[in-house]
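S.K.: Please find one structure pasted underneath; my questions will follow.
The values are calculated or read from the model by the stated rules, or taken from the named source; none is laboratory data. Just so it is clear, the model here is predicted, and its values are computed rather than measured. Virtual Cβ from ideal backbone geometry, glycine too; neighbours counted across all protein chains shown.
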Amino acid sequence: MTNEYDLVIVGGGPAGLSAAIASAEGGINVLLLERNDKIGVPLTCAEGITHLGLTTAVPLDRSFVSTDIHGIKLYSPGGREAMIDHPNAGYVLNRDVFEPHLADKAREAGVKIRTGCRAERLHRNGDRFNSITVENRNGSYDLHFKVIIAADGVESSIAREAGLTESLLPSQVESCAQYRLTDIEVNPHIPEVWFSREFAPGGYAWVFPKSGNSANVGLGVVPTMSDGKCPFDFLDDFVQRRFPNGRIESKSMGLVPSFEGRKRILKNNLMAVGDAARLIDSLTGAGISTALHSGCMAGKAAARAIKSGNLSNLSEYPQEFMKTFGRKLRFYRLGREIFTRMSPDEFDFVVELVDETFGGKTLTALNPVEILRKILIRKPSLVRHAPRLLWR
Amino acid sequence: MDELRLLIEDVKCGRCGGCVAVCGPNALYLDAERLHERAGACTACKLCLITCPSKALVLKDDE
């Protein structure tokens with residue numbers, strides 16, 4: 001077993017797997033390490049992704065799709081409702097099928113995958129990181145590389161050890177709880193979003209259907225706004241109200257950070273992708289698409305840099321990512337600042353406005369940035385919640 | 001001897017990594033099976049307790 005690779009990727013989620021496929025297809029030898037024994041578990045998200053977000057990164061395969069999304073329904077604290085009708089908007093995935101599917105593609109491209117391996121310590125030689133100590137059940141060993149990609153999630157120990165990221169503050173995150181509920185009745189193609197300071201302070205509750213009688217039902221709260229209650233306490237209240245007869249099949253949880261800009265993406269010969277780089281839509285918490293795209297861009301940049309023998313070419317990754325996603329993600333982060341401070345009356349207004357704007361129409365495209373812009377034009381007082389917007 | 005300051009309730013822990021992400025002194029880590037505490041590293045700041053979605057962590061002093 002060789003312990004020298006062109007590229008080592010730490011983390012086998014969507015970001016790491018996408019980086020693995022792209023880099024191996026670029027002609028370099030790649031090793032991917034996954035902490036868990038199985039790729040695709042445990043589940044830590046609601047599994048929703050837009051059509052474009054998925055299909056521009058991965059060819060659609062029905063085996064990993066639970067259901068198609070044809071719109072979304074919003075609920076305000078005061079009882080207003082808004083329906084956005086948008087055929088082919090996206091999908092609810094089966095992550096436990098999706099990620100093994102990507103792992104198969106990675107293996108076909110020549111990637112070696114080792115599961116049950118934890119990256120324990122990063123070593124450097126001068127400015128460059130050159131090896132990593134890995135632990136598994138049999139002990140520990142060192143791996144050597146030219147480039148390393150941190151794809152080990154929001155808690156990324158690799159990105160932190162490299163000084164690329166720091167620990168998060170509870171006020172900067174959404175702490176999320178989710179049940180897989182069965183024995184319920186839902187529209188299998190319409191996710192629901194419930195805004196309420198009562199059962200999701202600082203966040204929102206969601207229902208992502210898996211079929212007509214099962215769904216991922218969850219919510220995110222800002223821990224510092226939740227008055228000592230944990231997300232599952234809030235979720236139990238929400239489930240009692242929305243699905244009193246639902247049966248809990250499983251539970252999952254996760255943490256959603258806020259986008260922090262390009263400073264978290266590259267340091268010397270270490271790149272961070274997906275949640276490890278906090279590349280996330282801070283407003284909705286959606287992260288699978290940015291994980292797939294950042295992974296793909298980083299993988300391609302790694303292959304090009306290694307093959308050309310010039311690792312300074314790794315800077316193509318942050319340049320390309322920020323050019324494609326930077327403006328949008330910065331705007332969503334400001335949207336989050338507003339969202340977490342909005343009053344129940346303001347939520348009522350926003351849901352009414354969405355209903356007035358989109359109700360009764362069938363959309364072929366939906367640009368959340370445009371929606372946010374429309375809302376701010378109609379209700380400029382919301383800007384007071386995000387003073388940084390005033391500077392721009 | 002460095003002591004462990006946290007009680008980690010494995011049954012409640014979903015291994016989401018939230019506590020690891022907010023831990024300033026990097027006192028927590030996950031492996032294939034469970035969440036662990038690095039002996040002597042915890043400063044009892046309680047950020048992990050505040051952030052954990054499922055109350056899986058308890059400070060021994062607060063027990």
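S.K.: Quick one: in the range A:26-50, of everything that is not β-branched (Val, Ile, Thr) and not in a loop (DSSP other than H, G, I, E, B), which residue is surrounded by the most Cβ atoms within 10 Å (Cβ to Cβ)?
M.R.: Initially, the range A:26-50 is screened for residues not β-branched (Val, Ile, Thr), giving A:26-27, A:29, A:31-38, A:40, A:42-43, A:45-48.
Add one more test, that the residue is not in a loop (DSSP other than H, G, I, E, B), and what stays is A:31-34, A:48.
Values: A:Leu31: 22, A:Leu32: 30, A:Leu33: 25, A:Glu34: 26, A:Gly48: 25.
Across the range A:26-50, the extreme among qualifying residues is A:Leu32.
S.K.: Of these, A:Ile28, A:Ile39, A:Ile49, which one is farther than 20 Å from A:Thr284 by Cβ, of a type in the set (A, V, I, L, M, F, W, C) and touching a Gly at 6+ places or on another chain (Cβ under 7 Å)?
M.R.: A:Ile39
S.K.: Sticking with this structure for a sec: Of all residues being in a strand (DSSP E or B) and at the interface with chain B (Cβ under 9 Å from one of its Cβ atoms) in the range A:163-177, which is farthest from A:Tyr332 (Cα to Cα)? Just the residue, please. Reasoning before the result, please.
M.R.: Of the range A:163-177, the ones in a strand (DSSP E or B) are A:174-177.
Now narrow it down to the ones that are at the interface with chain B (Cβ under 9 Å from one of its Cβ atoms): A:175-177.
Values: A:Ser175: 18, A:Cys176: 19, A:Ala177: 22 Å.
Here the answer is A:Ala177.
S.K.: Among the residues in the range A:203-224, are any over 18 Å from the mean Cα position of the chain (by Cα), on the phi < 0 side of the Ramachandran plot and assigned to a helix (DSSP H, G or I)?
M.R.: Scanning the range A:203-224, I find at least one residue that is over 18 Å from the mean Cα position of the chain (by Cα), on the phi < 0 side of the Ramachandran plot and assigned to a helix (DSSP H, G or I), so the answer is yes.
S.K.: Would the range A:13-25 turn up any residue that is out of contact with any strand residue (DSSP E or B) (no Cβ under 8 Å at 6 or more places or on another chain) and assigned to a loop (DSSP other than H, G, I, E, B)?
M.R.: yes
S.K.: Still on this structure: Residues to consider are A:Ala215, A:Ala286; find the one that is more than 14 Å from every other protein chain (Cβ to nearest Cβ), under 24 Å from A:Pro77 (Cα atoms), small (Gly, Ala, Ser) and surrounded by 24 or more Cβ atoms within 10 Å (Cβ to Cβ).
M.R.: Answer to the check: A:Ala215.
S.K.: Kindly indicate the residue of the range A:298-353 that is in contact with a His (Cβ under 9 Å, 6 or more places away or on another chain) and acidic (Asp, Glu) and also surrounded by the most Cβ atoms within 10 Å (Cβ to Cβ) among those meeting that condition.
M.R.: Here the answer is A:Glu346.
S.K.: Taking A:Lys112 and the conditions (1) surrounded by fewer than 16 Cβ atoms within 10 Å (Cβ to Cβ); (2) away from chain B (no Cβ under 14 Å); (3) not aromatic (Phe, Trp, Tyr), which numbered condition does it fall short on, given that it satisfies the others?
M.R.: Status for A:Lys112: all satisfied but (1).
S.K.: Additional query: What tally of residues in the range A:129-141 results from selecting those that are surrounded by 14 or more Cβ atoms within 10 Å (Cβ to Cβ) and more than 18 Å from A:Ser157 (Cβ to Cβ)?
M.R.: Count: 0.
Matching residues to (1) of a type in the set (Ser, Thr, Tyr); (2) facing chain A (nearest Cβ under 7 Å); (3) surrounded by fewer than 16 Cβ atoms within 10 Å (Cβ to Cβ):
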residue: B:Ile8; (1), (2), (3): no, no, no
residue: B:Arg15; (1), (2), (3): no, yes, no
residue: B:Ala21; (1), (2), (3): no, yes, no
residue: B:Pro25; (1), (2), (3): no, no, yes
residue: B:Leu35; (1), (2), (3): no, no, no
residue: B:Arg38; (1), (2), (3): no, no, yes
residue: B:Cys45; (1), (2), (3): no, no, yes
residue: B:Asp61; (1), (2), (3): no, no, yes
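S.K.: So is A:Val154 under 21 Å from B:Asn26 (Cα atoms), in contact (Cβ under 8 Å) with a residue 60 or more places away in the chain, within 13 Å of chain B (Cβ to nearest Cβ) and not hydroxyl-bearing (Ser, Thr, Tyr) or not?
M.R.: Against the criterion (under 21 Å from B:Asn26 (Cα atoms), in contact (Cβ under 8 Å) with a residue 60 or more places away in the chain, within 13 Å of chain B (Cβ to nearest Cβ) and not hydroxyl-bearing (Ser, Thr, Tyr)), A:Val154 qualifies.
S.K.: Could you tell me whether the range A:62-72 includes any residue that is at negative phi, at pLDDT 95 or above and part of a loop (DSSP other than H, G, I, E, B)?
M.R.: Looking through the range A:62-72, none of the residues is at negative phi, at pLDDT 95 or above and part of a loop (DSSP other than H, G, I, E, B).
S.K.: Kindly check whether there is at least one residue in the range A:84-101 that is of a type outside the set (Lys, Arg), surrounded by fewer than 21 Cβ atoms within 10 Å (Cβ to Cβ), in a helix (DSSP H, G or I) and touching a residue at least 60 places away in the same chain (Cβ under 8 Å).
M.R.: Within the range A:84-101, one or more residues are of a type outside the set (Lys, Arg), surrounded by fewer than 21 Cβ atoms within 10 Å (Cβ to Cβ), in a helix (DSSP H, G or I) and touching a residue at least 60 places away in the same chain (Cβ under 8 Å).
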